[in-house]
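S.K.: Please read through the structure below; I'll follow up with questions.
Derivation of every value follows stated rules applied to the coordinates shown; laboratory data play no part. In this text the structure is predicted, and so the values were computed from the model without any measurement. All Cβ positions, even for glycine, are placed from backbone atoms using ideal geometry, and neighbour counts span all protein chains on display.
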Amino acid sequence: MKKIVAALALGAGLWGLSACERADDVSAVAPADDGVTVSDPRMVLNAVSGRPAAIYFTVTNNRDRPITIRGASVADAQSAELHEYMEWDRQMVMGQMGPLVLQPGESVEFVPGGRHLMAMGVAPTLQPGGTTEVTLNLLGGGSETFSTPILAAGSVAETPPPVPAATGAAAGHNHQ
């Protein structure tokens with residue numbers, strides 16, 4: 001246990017030193033506007049007033065190094081969270097996701113039933129037919145802001161995918 005704690009402390013110290021060394025390196029915190037592409041964005045309002053809206057899009061890393069999306073914000077919303085659906089106890093559940101690393105040339109889709117951005121506390125001024133600004137926050141201080149059209153509830157299918165049947169050793173296994 002002591003070895004693990006010492007290794008973690010050493011790693012944190014080295015990370016801190018490397019961060020200090022890179023403070024003068026402008027490329028370490030360069031904005032993403034020259035290397036990240038966002039396509040097919042859309043915000044879908046909830047049918048129930050006061051409930052979160054969902055935002056879908058595809059993001060592509062055009063840089064020659066990995067990028068990490070660590071969070072997001074939405075204009076005229078109180079907060080925003082990156083979410084994804086996952087299987088838990090043979091049920092599809094939605095939960096907040098951790099940082100997302102995109103390798104050079106990689107694209108990731110934020111789609112109904114998969115990864116998506118949730119906007120909470122959406123202002124009543126955000127209405128179907130309008131637009132709003134979304135900002136993806138990148139590790140290292142960069143960001144990517146894009147405009148997205150606002151759609152009415154029901155404009156896209158938002159049902160999570162079905163859970164596949166258990167096979168192999170998992171078949172017949174029941175925790176109840």
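S.K.: For the stretch 37-60, enumerate the residues that are among the polar types (S, T, N, Q), surrounded by 12 or more Cβ atoms within 10 Å (Cβ to Cβ) and over 14 Å from V122 (Cβ atoms).
M.R.: T37, T58, T60
S.K.: Looking only at residues that are under 12 Å from T68 (Cα atoms) and over 13 Å from the mean Cα position of the chain (by Cα) in the stretch 94-142, which one is surrounded by the most Cβ atoms within 10 Å (Cβ to Cβ)?
M.R.: Checking each candidate, the answer is G142.
S.K.: Checking E81 against (1) under 12 Å from L136 (Cα atoms); (2) assigned to a loop (DSSP other than H, G, I, E, B); (3) acidic (D, E), only one condition comes out false. Which one?
M.R.: Status for E81: all satisfied but (2).
S.K.: Of all residues being surrounded by 17 or more Cβ atoms within 10 Å (Cβ to Cβ) and among the polar types (S, T, N, Q) in the stretch 61-76, which is farthest from L102 (Cα to Cα)? Just the residue, please.
M.R.: Filtering first and then ranking leaves S73.
S.K.: Return the only residue of A54, A72, A119 being part of a strand (DSSP E or B) and farther than 20 Å from T37 by Cα.
M.R.: Residue meeting the stated conditions: A119.
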